[in-house]
1. Output yes when any residue across region D:1-17 is modelled with pLDDT under 95, open to solvent by 60 Å² or more (accessible area, probe 1.4 Å) and either assigned to a loop (DSSP other than H, G, I, E, B) or touching a strand residue (DSSP E or B) at 6+ places or on another chain (Cβ under 8 Å) (or both), and no when none is.
2. Considering region B:13-42 alone, what residues qualify as being within 7 Å of another protein chain (Cβ to nearest Cβ) and surrounded by 22 or more Cβ atoms within 10 Å (Cβ to Cβ)?
3. Looking at D:R294 and the list (1) touching a residue at least 24 places away in the same chain (Cβ under 8 Å); (2) surrounded by fewer than 17 Cβ atoms within 10 Å (Cβ to Cβ); (3) more than 14 Å from chain C (Cβ to nearest Cβ); (4) of a type outside the set (S, T, N, Q), which single condition is not satisfied?
4. Quick check: is even one residue across region D:185-197 over 20 Å from the mean Cα position of the chain (by Cα), among the aliphatic types (A, V, I, L, M), assigned to a helix (DSSP H, G or I) and over 23 Å from D:V233 (Cβ atoms)?
5. Could you please find all residues in region A:298-355 being aromatic (F, W, Y) and in contact with a helix residue (DSSP H, G or I) (Cβ under 9 Å, 6 or more places away or on another chain)?
6. Considering only residues that are closer than 29 Å to C:A148 by Cα and among the polar types (S, T, N, Q), look in region D:332-389 and name the one that is farthest from the chain's Cα centre (by Cα).
7. Looking only at region C:1-23, which residues are facing chain D (nearest Cβ under 7 Å) and open to solvent by 40 Å² or more (accessible area, probe 1.4 Å)?
8. Of all the residues that make up region D:297-317, how many are open to solvent by 50 Å² or more (accessible area, probe 1.4 Å) and within 13 Å of D:V270 (Cα to Cα)?
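The values are calculated or read from the model by the stated rules, or taken from the named source; none is laboratory data. Remember, it's a predicted structure, so these values are computed and weren't measured experimentally. Here the Cβ is made from the backbone with ideal geometry for all residues, glycine too, and neighbour counts use every protein chain on show. To get the accessible areas, we keep the full protein, side chains included, count just its heavy atoms, and leave off ligands, DNA and RNA. Shrake-Rupley method; radii C 1.70, N 1.55, O 1.52, S 1.80 Å.
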Amino acid sequence: MFRRFGLLLILGVLACPLLGQDTLINRLRIRSDSLLRTWQQAVAIANLADSLERERATIGRDTIAVGALRIITNASPLPVRQAAALAWPAIDSLYGSAAADLAERPYFIRAVDPDSNARRAVLHVGLEVPWDLDLRSTTTLLLTTVPIAPPDRALATWLTGVLRPSIHPREDVGGVYLEFVTAPSQAARGCFMGDIASCIDALGLGDTNHQLERWYPSAPERRAVVTGSFADFFDHGGSAPALRECVAGRDASCTALLRSLPADVLPKPLSDAARVSLVRDALRLGGQDAYRRLLRDPEAAIADRLAEAAGVSVDSLVAGWRNAALAARPAPVELPWWAIGVALGWVTVFAGCGLSSSRWRL
Amino acid sequence: MLITIGLPAAGSAQNRWARQVHDELQRALNVVHAHGGDRPLLDKEGTLNQEESASFTITLREGVSYSIFGVCDEDCSRLRLVLATLANSELALDRTSEGFPVLQFTPRVTAEYRIRVAMEECRLNPCWYAAGVIPSSGAKP
Amino acid sequence: MVMYKALLYTQWKWARLIILLGTLAGFSLPLLSLQGAARADRGALQAQDLLRAVQSWGTLYPLLAAALGLLVAIATWTADHRGRHVHALTLPLPRWRYVLLRFAAGMTLLAVPIAAVSVGALLAAFTATIPSGLQAYPLALSLRFALAVLVAYAVFFAISAGTARTAGIILGVIAALVVVQVVASIANLQLDLVGTSQVVLLQGLGPLAVFTGRWMLVDV
Amino acid sequence: MAPLRVWIAVAVGGCALIALAYLPPRGAAPRGPRFATYSPEPTAARRRAQAVAKEWRETDASLRLLEDRQHVKWDSSRVGPAIIFRGPTLPPTAVRTVEAVADSMWRALGLGETKVRAALVIALERAPGSAPGPIPDQNGVAFLTPDSTDRTTCMAFLPANHFWTAVLLGHPPRHFEPDWLARWFQSGLGPCAYYAAYGTPSRSVRSWLAARNWDVALYLGTHGIAGERFLSVNLLGDPRYSWYWDGIYSLSPSTVACLAGRLDGCRSAVLYGADDDARIAVPEIVRLEQGWWRKQHLLPGERFLGDVARDVGRDRFQSFWTSSLPVDTALAAALRQPVGEWTKQWERRFIQPIRLGAAAPLGATLLALLLAAVAVSAVALAASRRQVR
């Protein structure tokens, strides 16, 4: 009898803290639920506010239509229409039939007083641009901010960004040529020498296992990567001794240091610009629907997606891209005729100053 | 003979400090029981940080003499045991026996009493404690 | 003493405009640098912004010190160079003493802008509302400015006291240093003369380190 | 002499005018951002939604931690912290691997069976929209410390970002080093490692730590948080660049004074929050937001108490940890020297004392004076040998 009583008593005493905890949990659960409801309402209101802002951004604005481009902007000296006329062919040639979607995704451009002291309303939608931008800069702005839907994660990661039309196509491809000959990587050099497998490796299109060894197979290359790109990063705490050994020529330390880096941090033998130029080639080869085909299967390997977009095998795509890069070899230093005239002009000026100096007068 | 009340030891029975105080209290209760004591009325285990206390009530019967024990784990160097009325007027306390306070008490009236266990010194918080109440003699039917 | 007064007077005549402008600049620098340390109702800067502003203004103190040293040193010797030092050699006192008197006279004149910086710094520190946790260093700043002026004046005094040939040699050494550095970098040699000389002269315990670092009138 | 008076009058008058114009200081406009931004700002409604989402995340995290604490299952065959996964279900082999790593990390900290047990709640990355409510914050590390409702359990909430989710699901990147996971767990334990090693702190120590959000007891390991290379003090960058000083001055004055090696600065940086008797909430949930190191009162505070414990030894640290004396007295007693003194020396292990104020280094001053003396003597010497041609 007493034992049972005692038991009940003990269970009661033991339960007290747990009961306290339960009430606390219930309180928090109620609060969490009400916050969740408040959040759902707040998000709905925020979405409404955003759409109202978008509508406001169109009120009293002109809509400029060039091809599928729609640019909603306020009246200003900004040469938007001319810039759109220059930008559209580049955009159309890159995205092909996908560029038609841009009619549903207009640019919002607010041209503002270039005087930075002038009062401005808070910008909620689109871009704010000083109205004294020239035609070239405005065209560049349109090309670099095309409101095209972003690509899937896999493609964006491989490209490290969004695919945009090229502003200086020839210089871009010329840059790839320079990378071929200057990148401290045998993969890039092999690509330059005509080994398409090396090109595929250097572009990160092939087998991604043992990428460090594939991209930088020799000890000097690995040391160059560590000392060139990560000297400051590794020069702290535990990795500092390894860095010193690496600089002193111990390859094991260089390799260990590079292995300790996340994969996407390892410098690519050929830059993102090279990858972008390859995609542009694929889209050019693939014609109108190439961009849609490129985005069709986000699960597929990038190499297969490029081949699908271009309508040719990866090897021939890469080979064509390489040939184009070699053909775009930058011109050697040249002396334009006007430079000679300028030089002679300066010589005359200084000579005149010298001869007219008072020191010559007796 | 070993007395076990079959406490819901929860998670605490799993670690060695809980086992230590559990075993020590059982030993103390066994000793009293072996010398004519009755079955224990109460066996309470728990944890307290230094300067914290726990209290619980129990009904004690007039004329029965009770032994009230407290034990605490190896990190505890002073455990205080107090028997008081529900109105908190202290009837008996032991603060001298450090880790093993013992109270002997025979109530004049059958009533509910409060037993308070205070963790006065604990080197590594929390300290496990156990308290037990057992009629030591003269239990009436 | 008479000789010193005479030299001081002549140098005053040559350098008074420099001293006047230096005094006004030296006095206004601390005041301008602490404009952000106003009362809360008058656009006071937060501690971080205030320190940033003080740090930016601080770069002007060493420049002012160097400019004062250079201009006064040039003014000190121009007349002697023009007169081919004949006047100096005709004076009835040892030449080394003449040099020391010229130096002392120049420093006496430079004491005026130094005093102006001190007064400006003290006034600014006392009238500014300095956020809690920060404190003013007017005396340290004035001492450092005085030291920088002294060093700049002494170095330029020595250079401008020399002949055109001396100046040419000094400039030649500097130019050679730069050329060697350029060639070394072109040849990809691990040789950093400019960096090393910068470290030796301007950093840590370098003799010109008083000019570098941060000249904070207000700091933690 | 008349012209002299005129010049003096001009100088004094000019200075007086400048003083009239600028004294007392007239105030100034703060410098704008370095880079002008033209990107759109969220609407007020969007900002409110984000604020509510933040509040919900915090409440939800607290709730889940409390629920997990109720249901945590202790495996008597393991010594390390209990591991609770949220999100996608892990294959049993992956769970076993994680538990083995956690056990070895636990042993490496010198811990075995402990009075206060730790549980690591690892929230794996989940796809947006896969659960109701805002997307969980993948940086919001949180700790639920033991309280009167459960004195023996400390919960650590450790969100796994894309990288760690892949690792835990058994797809680590090929460059993955085995000790990274253990290091991640170790830094994720935070205050729970201290609870496990030294038990629940005394009221004074606990209220001191609560007042400063446990910034001096975030890491018990022997390396910096997230490894040797990643001390919060390294994040200040290189003194050659201007943002180094921007970073320094974003810290509190006492923190900066301690970086400059000043005793009083170090003392007040360590004892910040020791005077005010902070109320310890029940439940006490310690949250580390992104950029927590910018809010530290001591750099690199995350390892301060860990280093104190290593330096003074277990017994002395234990007596400090559970002492009912004021924190400054208890800490000084454990260190056997003034708090400021010890901290100043400790700070030197990580950073050269920065120079504050306008004073030039003494050595540089002496060398500068020497250079001036040499220059003037050289001129005097040369002048003595000057010839008239």
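1. So far as region D:1-17 goes, yes, one or more of its residues are modelled with pLDDT under 95, open to solvent by 60 Å² or more (accessible area, probe 1.4 Å) and either assigned to a loop (DSSP other than H, G, I, E, B) or touching a strand residue (DSSP E or B) at 6+ places or on another chain (Cβ under 8 Å) (or both).
2. Step one: filter region B:13-42 for residues within 7 Å of another protein chain (Cβ to nearest Cβ), giving B:14-17, B:39, B:41-42.
Matches in region B:13-42: B:W17, B:L41, B:L42.
3. The number of the failed condition is (3).
4. So in region D:185-197, the residues over 20 Å from the mean Cα position of the chain (by Cα) come out as D:196-197.
Now narrow it down to the ones that are among the aliphatic types (A, V, I, L, M): D:196-197.
If we keep only those that are assigned to a helix (DSSP H, G or I) too, we end up with D:196-197.
If we keep only those that are over 23 Å from D:V233 (Cβ atoms) too, we end up with D:196-197.
Checked against the condition, which is being over 20 Å from the mean Cα position of the chain (by Cα), among the aliphatic types (A, V, I, L, M), assigned to a helix (DSSP H, G or I) and over 23 Å from D:V233 (Cβ atoms), region D:185-197 yields at least one hit.
5. First, pick out the residues of region A:298-355 that are aromatic (F, W, Y): A:321, A:337-338, A:346, A:350.
Result: A:W321, single match.
6. Filtering first and then ranking leaves D:S384.
7. Residue satisfying the conditions is C:R16 alone.
8. Start the filter on region D:297-317 by keeping residues that are open to solvent by 50 Å² or more (accessible area, probe 1.4 Å), which leaves D:310-311, D:314-316.
Filter again for within 13 Å of D:V270 (Cα to Cα), leaving none.
Of the residues in region D:297-317, 0 are open to solvent by 50 Å² or more (accessible area, probe 1.4 Å) and within 13 Å of D:V270 (Cα to Cα).
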